[in-house]
Amino acid sequence: MSDALLQPARGDADLHAMVETFFRETFTTDNPLITEAVKRMLAAGGKRLRPRITLLAVEACGGQAVDQLHLAAFMELIHVATLIHDDVVDNASTRRGVNATAVDYGNRVSVLAGDYLFAWIFKNVTAGYPHPVPHILSATLADICDGEVLQLRALGELSLPLAAYIEVARKKTASLFAASAECGAIMGGGDAEEIAALRAYGDALGVAFQMKDDLLDVTADERSLGKPVGNDLTERKMTIPLIEALASGDEAFRAEVRSFYSGKENGGLNAIVEGIARQGGLAGTRKQIARFVDRAKASLEPIRNGTAKNELEKLAGALLVE
């Protein structure tokens, strides 16, 4: 997703800077090779949405963001570990505009690096954070893996219903957004209502984020996307623009997609991308994104800290920007 869409607003720019400084000056593991590989991916950029959500949730519940920098960093590092594994599974060559970790270090080192990073994170979380934070993060990792498996099983399943797509998005992407918000709320001293509200916010935001990522796969250019355009379609993934286009499209388009997903090029990738736009897939996706953005904002109703609440609302609203 284009970083320009989700750059920190002036209100949380300091939080973004704190996270970047932490990664640059403080982050290290016990394994120099893995530290090097992870820092290389961190240096390639990223929106740092998950740590920003964590720190804003801390502030929303009355805590001090600076006290929870390690927790925020762990959220981003869980994300980085999943990306390292994803690139091996997807045989990806680029990530964030640079070589995927597997290209420079090989698949074996990359898989072990991702595994090591997960273990290192959970060693630190279980040693340094009270219940239920370790449980939330371990359950989140299980959801992420489950979501990835569900997505693999749905490859090329052109009849996949919207509800099944949302389940995948909720597990593989939104679960970490929800955990970031929930754990931040817990460590910020939030009450039960605030914690539940922020978890619901993260869940809805994460689904909207995945939908926007799917939209950009067929509308952005490779430079801003940081990976090949149309890559999801090439991999036969069932994304929301395609699902929406198939639901409203004509039989000729459905036949073209069936042919493409069965390995017969016909008009090729460009024809499928053009067909998605023509058959209403882009418009339908934007409506679904707006629905989950509205849900995310509505979830914040119990939050009393106006400044943090406003920044969280801006993060959600940014997903509506083209």
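Readers should treat all values here as calculations from the given coordinates under stated rules, not as data from a laboratory. Please read these numbers as outputs of a predicted model, since none were measured by experiment. Heads up, the Cβs are rebuilt from the backbone with ideal geometry, glycines too, and the neighbour counts pull from every protein chain shown.
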Query raised in the report: If you take the charge dipole of segment 9-320 about its Cα centre, with +1 on Lys and Arg Cβ and -1 on Asp and Glu Cβ, which of ALA73, GLY284, ASN305 is farthest toward its positive end?
Result: GLY284
Query raised in the report: Check GLU157: other-chain or 5+ apart residues with amide H under 5 Å from its amide H, H built from backbone geometry?
Result: none
Query raised in the report: Which whole-number percent is the relative contact order of the chain (Cα, under 8 Å, 6+ apart)?
Result: 22
Report summary line: Charge dipole of the chain built from unit charges on the beta carbon (Lys, Arg +1; Asp, Glu -1), centred at mean Cα; most positive-end Cα among THR82, GLY202, LEU162 is LEU162
Query - Cβ-placed point charges (K, R +1; D, E -1), dipole of segment 165-236 about Cα centre in debye, nearest 20 - result: 180
Requested in this report: Rounded to the nearest 10 degrees, what's the angle between the helix 192-219 long axis and the longest principal axis of the chain, both from Cα atoms, 0 to 90?
Outcome: 40
Requested in this report: Go through (1) 60, 49, 43; (2) 57, 45, 32; (3) 69, 37, 31 and flag the label whose value is the computed Cα extents along the principal axes in Å for this structure.
Outcome: (2)
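Charges at C-beta only: +1 for Lys and Arg, -1 for Asp and Glu. How large is the resulting dipole of segment 9-320 about its Cα centre, in Debye rounded to 20?
On the way: 34 positive and 41 negative charges, 53 e Å.
Dipole about the Cα centre, nearest 20: 260 debye.
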Query - Debye, to nearest 20: dipole size of segment 1-152, +1 on Lys, Arg Cβ, -1 on Asp, Glu Cβ - result: 220
Requested in this report: Within 10 Å, count the other beta carbons around each residue, average over each peptide in 118-127, 49-58, 62-71, 25-34, and list them highest first.
Outcome: 49-58, 62-71, 118-127, 25-34
Query raised in the report: What is the packing order of peptides 272-280, 204-212, taking the mean over residues of other C-beta atoms within 10 Å and listing the highest first?
Result: 204-212, 272-280
